[in-house]
Amino acid sequence: MIMTTEWAFILDEADVLSAMILSSEQANNLRDAYQAVYDNSQLVEQIRTFSRLKEHYEDVQRFGKYHPDYHTIMKKIREQKRALDLNDAIAQLKIAENDYQDLLDEVSLIIGKSVSEAVKVPVSNPFFATGSGCSTAGCGSGGSCGCSV
């Protein structure tokens, strides 16, 4: 690939866009929420405990209900998950992650659609996917996705 002035311009614009995304409100909220979670040593230890329990859970899952610790681990993992989910700092982190992902999805869609309306852009939020739904570009699944082919 030969570097042309067009490529240099595109790279400069990509750097500007990257800087804008990194300085966005969503990125700042994500950084603040992440900091709030991982500055709390008690919460970090709770996350580590959950991670170790999750590894044990994955071992138990291989054998299913025939594993001797199956019911104990299933109960513990649900309790730990619920305790983490009910923590305000973790809830704020999840919300901030989703907001940031929505921003990235929106930017990706704008870039993809500026190239061509037929460009398929993978997004995590179905709200964004409906705008570029399979009924306009064809899904190739014979209508199994719910579109009217």
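Whole-Hz Karplus values for the range 96-109 come out as 5, 4, 5, 5, 5, 5, 4, 4, 4, 4, 5, 5, 4, 5 Hz, taken residue by residue from phi with 6.51 cos²θ - 1.76 cosθ + 1.60 and θ = phi - 60°; glycine and proline positions read x.
Between ASN40 and HIS67, how high is the FRET efficiency from 1/(1 + (r/R0)^6) when r is the Cβ-Cβ distance and R₀ = 35 Å? Nearest 0.05. Calculated transfer efficiency: 0.60. Label sites at LYS94 and ILE110, each approximated as a point 7 angstrom past Cα along Cα to Cβ, lie 2.9 nm apart. Applying both filters, DSSP loop and at most 15 other Cβ atoms within 10 Å, to the GluC sites (Glu not before Pro) of the range 59-118 gives GLU117. Taking every alpha-carbon pair under 8 Å whose residues sit at least 6 apart, the range 1-90 reaches a relative contact order of 25 percent. Computed from the Cβ-Cβ distance with R0 of 41 Å, the FRET efficiency linking TRP7 to ASN125 stands at 0.85. Of all aspartates and glutamates in the structure, those lying under 17 Å Cα to Cα from LYS76, and not within fewer than 8 positions of it along the same chain, are GLU45, GLU55, GLU58, ASP59, ASP85. Put in order of Cβ neighbour count within 10 Å, fewest first, the listed residues ASP32, ASP99 become ASP32, ASP99. When the alpha-carbon atoms of the range 13-130 are used, the pair Rg, Dmax equals 19.5, 58 angstrom.
Bear in mind these aren't lab numbers, they're just calculated from the coordinates by the rules spelled out. Because the structure is predicted, anything quoted here is derived from the model rather than measured. A quick note on method: Cβ atoms are made from the backbone with ideal geometry, for glycine too, and the neighbour counts reach across all protein chains shown.
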